[in-house]
Amino acid sequence: MGCRLSTVYIRFSAHGLDVPRRSPWFERLLLHADPAVRTPGWRGEAFQVIAPGTPLPPVAGAALAAAGGAPGEWSCIASPVHCVAGMTAVTLPRNGCLTLEPEEAGALAFGFNRTFTGAGPRLIVGRGAVMICTFAQALEVETHDPQAVAGGDVFGFQPVGRDAPRMRRLMSEMEMWLFEHEINRARGAAGRLPITGLWLWGQGAVPAAPPMLTGWTAGRDSLFAAFGDAAEFPSPAVAGVLVSEDTPGSDAWPEVERRWLAPAAAALRAGRLRRLEFCAGDLRVRVSRGPHFRIWRRPRPWWEHFSG
């Protein structure tokens, strides 16, 4: 892929703050954005940026392959979540998809495998502290990415399929195991949300061969962390996918702008990139280089670009 035809796809969190904050530099960049379009399958869209024409591999299969899994080995992603039980429903808050430090993930995997002994499921830690639950044989289930559930009732998003009762039972056992886990006591003492469960999703087998990529990846996403983790925007500019856990306007966001957005915008202006794509939730906007830059627009809050 030629540099001038390359795209950089940037996914970020839109719900990391209780009250949204303005992000002036980012909002000036979004002055040049096309209207938002819906993209419920954002990973598939982003994957085509770095592997054009290649089928999207199973999320867990790719993660397990990067962790040394054998072709055909079957697993699920085990995402830590914080759910809230109410009088009539259990909800996954918008900030309920949690991020673990590598030490936390390692301790959880060690404790789980010591508690749930035998030939049953096992937890391992993949790249980016992604937790993976391996099974001795494939299960016939359909699951949902917890990020797509965040902000709503979890009832309609439980695993379904022939082997769903087994998976739901395992998830319930994980909840009981985590209830008074020492890691949650430590998280509570540090003012962090406790882990109420491990959400199983992204099921699939390790591919027979790794996909051929033509670009870079960065961030701790369950899928894209399997393909590498660039430390900063690369030079020369080529196609890439960045998945950031940070929210525009947050205390950490200026570092995202410095390391990624500003160099990407400079490459776009210089003609070394074709476009930038920004995705949050199920909406994506595109910023392209060209004479149509809309300098006459007045900046508006960034979140208005990503609201339905």
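The values are calculated or read from the model by the stated rules, or taken from the named source; none is laboratory data. The model shown is predicted, which means the values in this text are computed figures rather than measured ones. So basically every Cβ, Gly included, is an ideal-geometry build from the backbone, and we count neighbours across all protein chains shown.
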Test: residue in the range 16-34 that is under 28 Å from ARG286 (Cα atoms), at pLDDT below 95 and in a strand (DSSP E or B): yes
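Need a quick list: strands (runs of 3 or more DSSP E) entirely within the range 36-139 having at least 3 residues that are of a type outside the set (Ser, Thr, Tyr) and either over 18 Å from the mean Cα position of the chain (by Cα) or surrounded by 17 or more Cβ atoms within 10 Å (Cβ to Cβ) (or both). Even if it seems obvious, please write down each step before you answer.
Values: elements: 74-81, 90-92, 122-125, 131-135.
By residue number, 74-81, 122-125, 131-135.
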Of all residues making up the range 156-170, the number that are under 22 Å from the mean Cα position of the chain (by Cα) and either within 13 Å of LEU92 (Cβ to Cβ) or acidic (Asp, Glu) (or both): 3
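Out of curiosity, is GLY156 farther than 24 Å from PHE227 by Cβ and not charged (D, E, K, R)?
Numbers: farther than 24 Å from PHE227 by Cβ: yes; not charged (D, E, K, R): yes.
It is true that GLY156 is farther than 24 Å from PHE227 by Cβ and not charged (D, E, K, R).
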Some residue of the range 251-273 being within 26 Å of VAL149 (Cβ to Cβ) and surrounded by fewer than 16 Cβ atoms within 10 Å (Cβ to Cβ): yes
Members of the range 254-279 found to be hydrophobic (A, V, I, L, M, F, W, C), modelled with pLDDT under 95 and in contact with a Ser or Thr (Cβ under 7 Å, 6 or more places away or on another chain), listed by number: LEU273
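Could you check how many residues of the range 163-179 are of a type in the set (Lys, Arg) and farther than 26 Å from ARG43 by Cα? Explain how you work it out, then say what you get.
Residues of the range 163-179 that are of a type in the set (Lys, Arg), as a first pass: 166, 168-169.
Narrowing the set further to residues that are farther than 26 Å from ARG43 by Cα leaves 166, 169.
Total satisfying the criteria: 2.
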Filter result (touching a residue at least 60 places away in the same chain (Cβ under 8 Å) and surrounded by fewer than 17 Cβ atoms within 10 Å (Cβ to Cβ)) within the range 149-177: GLY151, GLY152, ASP153, PHE155, TRP177
Counted residues, the range 148-168 - those being within 15 Å of CYS76 (Cβ to Cβ) and of a type in the set (D, E, K, R): 3
Cross-chain or 6+ apart pairs with Cβ under 7 Å, the range 110-123 first and at negative phi, then surrounded by fewer than 14 Cβ atoms within 10 Å (Cβ to Cβ) and not β-branched (Val, Ile, Thr): ALA119/ALA136
